[in-house]
Amino acid sequence: MLRAGKVGLRARDEADIAVLHAELYEDIATYTIADARPWRPIPADSSASPYAIGEPRDDPPRFSVVELAGGELAGAALLWAIDSHNRSAHLGLSLRPSFRGRGLGTDVVLALCEYGFAVRGLHRLQVDTLASNAAMISAAVRAGFAQEGTLRGADWVNGEFVDEVILGLLASDWTRLSGAQ
């Protein structure tokens with residue numbers, strides 16, 4: 001398990017799927033913030049569920065987020081669009097409603113940075129999020145990410161085009177900021 005602050009990232013368990021699917025996927029408002037693809041009805045027990053456990057593979061590594069104090073499932077996190085040539089990836093996370101507002105997002109970002117930079121040897125991590133997603137932007141900035149730009153009207157969400165913010169962090173900056181070797 002990867003640990004950072006109050007959270008741990010671990011492999012997904014079968015018991016996680018129904019909870020994550022119900023609280024993160026079936027909540028369409030949450031889903032549209034977390035994923036650029038349009039929501040469509042998918043049963044929790046379908047292999048098409050974004051939380052289904054598939055065969056292990058390199059891209060994307062999907063984690064369950066646990067709050068370390070009680071070991072309770074807090075959400076999901078992943079690295080996606082891993083580019084082995086340019087040694088870069090994007091990161092994403094979604095916390096269950098009862099775990100939001102506790103400062104866990106920054107710890108999840110830090111754990112994903114540890115995985116991306118120390119474990120995978122990546123050079124760059126990127127966050128792509130809606131400009132209205134203040135929680136994700138704040139978590140990324142607290143973890144050391146720099147806002148690199150805004151893509152105006154880039155995402156179709158709930159019947160309108162909205163802006164997307166891009167944040168980035170290089171391994172050299174992460175090493176300096178975290179004191180990692």
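Scanning segment 76-121 for residues that are under 18 Å from residue 32 (Cβ atoms), charged (D, E, K, R) and open to solvent by 50 Å² or more (accessible area, probe 1.4 Å) yields a single hit, 100. For segment 16-28, the set of residues classified as in contact (Cβ under 8 Å) with a residue 12 or more places away in the chain and either among the polar types (S, T, N, Q) or assigned to a helix (DSSP H, G or I) (or both) consists of 16, 17, 18, 19, 20, 21, 22, 23, 24, 25, listed by residue number.
Determine, yes or no, whether residue 121 is over 26 Å from residue 102 (Cβ atoms), modelled with pLDDT of 95 or more and in contact with a Phe, Trp or Tyr (Cβ under 6 Å, 6 or more places away or on another chain). For residue 121, the condition - over 26 Å from residue 102 (Cβ atoms), modelled with pLDDT of 95 or more and in contact with a Phe, Trp or Tyr (Cβ under 6 Å, 6 or more places away or on another chain) - is not met. Just to check your reading of the model, which residue among 152, 142, 124 is of a type in the set (Lys, Arg) and surrounded by 15 or more Cβ atoms within 10 Å (Cβ to Cβ)? Answer to the check: 124. Within segment 51-72, residues that are touching a residue at least 40 places away in the same chain (Cβ under 8 Å) have Cβ atoms under 8 Å from residues that are loosely packed, with under 10 Cβ neighbours inside 10 Å in these pairs: 53/14, counting only partners at least 6 apart in sequence or on another chain. Among the residues that make up segment 164-178, is at least one of them of a type outside the set (Lys, Arg), farther than 14 Å from residue 91 by Cα, part of a strand (DSSP E or B) and open to solvent by less than 80 Å² (accessible area, probe 1.4 Å)? Within segment 164-178 (the criterion being of a type outside the set (Lys, Arg), farther than 14 Å from residue 91 by Cα, part of a strand (DSSP E or B) and open to solvent by less than 80 Å² (accessible area, probe 1.4 Å)), the answer is yes, since at least one residue qualifies.
Does segment 1-27 hold any residues that are open to solvent by 70 Å² or more (accessible area, probe 1.4 Å) and not small (Gly, Ala, Ser), and which are they? Of everything in segment 1-27, those that are open to solvent by 70 Å² or more (accessible area, probe 1.4 Å) and not small (Gly, Ala, Ser) turn out to be 1, 3, 6, 13, 14, 26.
Just the residues that are of a type in the set (Lys, Arg) and in a strand (DSSP E or B), please, taken from segment 133-163.
Passing the criteria: only 152.
The values are calculated or read from the model by the stated rules, or taken from the named source; none is laboratory data. All values reported here derive from a predicted model rather than from experimental measurement. With ideal geometry, Cβ positions are generated from the backbone for all residues, glycine too; neighbour counts draw on all protein chains shown. To get the accessible areas, we keep the full protein, side chains included, count just its heavy atoms, and leave off ligands, DNA and RNA. Shrake-Rupley method; radii C 1.70, N 1.55, O 1.52, S 1.80 Å.
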